Amino acid sequence: MVSILGVGLGVAALLVVQTVMNGFGEEHRLRIRESFGDCVVIAKSPIEGPDVLIARLKADPEVISASAYTEGPALARRGAFSGVAFVRGTDPLATDQPVRQYVVAGSFDGLDDGRVILGIGLARTLRVAVGDKIEVWSPVMAEQAEKGKAPLPASLEVCAIVRTGFTEVDDRAAIIPLRRFRELWSLGERAHGVTLRLKDPANAVATAARLNVGKAGLNFIPWQEIKKNFLEAIRFEKTMLFFLMFIITLVASFSIGSTLFSAVIRRTREVGVLVALGAQRWHLVGLFGVQGLLIGALGTALGFLLTWGILYFREGILDLINSLFGNGDMVANVYQFSKVPLHYDAMDFVVAAAFTLIVTTVAGLVPALWAAGRKPSEAMRDA
C-alpha cells in the first residue's frame, strides 16, 4: 500500500504540473489571438490610408477579416477616483469581436461615439457601473494643456463591462469606437495597426511572411511572435518541472524495489521449493515481476484519481497556499489570470502511465532476477 501510494503521489504530481502549465500556455495563446488577432500589421509610424491596405489584404484567400485599430494610454476619472486605462479604438459594427463573449453587464452593441466599454477591474477602480459616466484624458489633451490651452475631457457613458479572466485586460481595458479614438488622439484617418483573422491560425508565420512581401515599411507579426519570450518561459518552466516530477517517480520506484526485495527474502523457502519442483527461471521472474507491474498499474490509477481531485479543488488549495506562503494572488500577479487555467492533454496521461508502468516493472524485475538465480539448496539453507 505504501508503494502504491508513493507511485500515485508521483503520478499525480507529474500530471497536475503538466495540466496546469498546459493551461497557462493555452490561455495565454488564446488571449494573444483574441487581443491582437492571428496576425497584426504595424509600422514605425501610424499607417496612412489603412482602408486601402485592408481592401488588399481581404482579397487574399487566407484572410478571413481585416480591421484597423488604434490604441494608447489615457487617464480615466470619475469624481475622486482615477486610473490609467489602455484605450483601444475598434470598429463597433464588426461581428468578429472576441470581446463580445466576455461581456458580463450591458451590451457591446450599445458602443458608439459617446460610450465606452470597460474591463471589470478598471470599472471597480473607478467605482462605476453600466450607465455611469467617466472622463477620459488623452496624451494629446495633456500636450494642449502644456501649450496654454484648456481642453475638456471626453465624457463617455459606460455601456458594457467585460471580464476575460486575464487581469492585464480586465484591470486596464477601455474600448471606444475607432472614429472617436482618432478624434481624441488627433490621428486623422490614420491607424496604429491592422488586425487579421486567418483561416489557418497555426500557419500564421508562413502566411505573415508571404503577405509581407512587397509591402515596404510594414511589419506583419504572427501571433506566435507576440510575447514570444513569455511563452517560451512557460514552456521551459513546464519542461523543468516535468524532470523534477520524473525524479519523484523514480524515488517511488526505489520503494517498490525495496518492498519486493523484502517479499523475496520472506519467501526464500517458497522460492527454493518452487525451484526444486521444477519451476523455470522465467516462472520466478514473472511471479515477482508481475507484482511490480500491478503496483505500477494501481499506483497509476490512484494518481489519476488524485490528479482529478487536486485539480477540482485547485482554487481552494491555491487560496490556502496564498494565505500561508504568498503575498497576494500569485497567479494573477505572475501569470495574469484570475483563476488557475487547465488544459488536459491526453498524451500527458499516456506518457505518465507508460513511464510509470515501465519504471515499476523494471524495479520489480531486479529482485525477481535475484530470486530466479538462486539455487534450491541455497534457498532452503538460508531459510
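What to note about this one:
- Flag for G106 being at positive phi and either in the same structural domain as P139 (by TED's automatic domain parsing) or not aliphatic (A, V, I, L, M) (or both): yes
- Number of positions in the stretch 325-356 that are over 25 Å from V251 (Cβ atoms) and at pLDDT 70 or above: 6
- Residue that is nearest to the chain's Cα centre (by Cα), among those in the stretch 305-324 that are buried (at least 16 other Cβ atoms within 10 Å of the Cβ) and either under 13 Å from A13 (Cβ atoms) or of a type in the set (G, A, S) (or both): L311
- Unique match (being touching a Leu at 6+ places or on another chain (Cβ under 9 Å) and more than 30 Å from S65 (Cβ to Cβ)) among F242, F236: F242
- Meets criteria (crowded, with 18+ Cβ neighbours inside 10 Å, modelled with pLDDT under 70, in the same structural domain as W282 (by TED's automatic domain parsing) and in a helix (DSSP H, G or I)) for V359: no
- Screening V40, V87 for residues that are among the hydrophobic types (A, V, I, L, M, F, W, C), crowded, with 21+ Cβ neighbours inside 10 Å and outside the structural domain of L126 (by TED's automatic domain parsing) leaves exactly one candidate, V40.
- Pairs are defined by a Cβ separation below 7 Å, a sequence spacing of at least 6 or placement on different chains, a first member in the stretch 137-158 that is not assigned by TED's automatic domain parsing to the domain that holds R180, and a second member that is modelled with pLDDT of 85 or more and among the β-branched types (V, I, T); no pair meets this definition.
- Within the stretch 64-101, the set of residues being farther than 24 Å from L187 by Cβ, part of a strand (DSSP E or B) and within 28 Å of the chain's Cα centre (by Cα) comprises I64 only.
- A search for C-beta distances below 6 Å between a residue of the stretch 341-358 that is within 11 Å of Q18 (Cα to Cα) and any residue that is surrounded by fewer than 18 Cβ atoms within 10 Å (Cβ to Cβ), counting only pairs 6+ apart in sequence or on different chains, returns H343/E26.
- Top-ranked residue of the stretch 188-200 - restricted to ones that are touching a strand residue (DSSP E or B) at 6+ places or on another chain (Cβ under 6 Å) and among the small types (G, A, S), ranked as surrounded by the most Cβ atoms within 10 Å (Cβ to Cβ): A191
- The stretch 14-63, subset modelled with pLDDT under 85 and among the hydrophobic types (A, V, I, L, M, F, W, C), residue nearest to the chain's Cα centre (by Cα): F24
- Of the listed requirements (1) surrounded by fewer than 14 Cβ atoms within 10 Å (Cβ to Cβ); (2) modelled with pLDDT of 90 or more; (3) under 30 Å from N212 (Cα atoms), D96 misses just one: (2).
- Screening the stretch 201-240 for residues that are surrounded by 15 or more Cβ atoms within 10 Å (Cβ to Cβ) and polar (S, T, N, Q) and picking the one that is farthest from M21 (Cα to Cα) gives N212.
The values are calculated or read from the model by the stated rules, or taken from the named source; none is laboratory data. From a predicted model like this one, the values you see are computed outputs, not experimental measurements. Cβ atoms come from the backbone with ideal geometry, glycine included; neighbour counts cover every protein chain shown.
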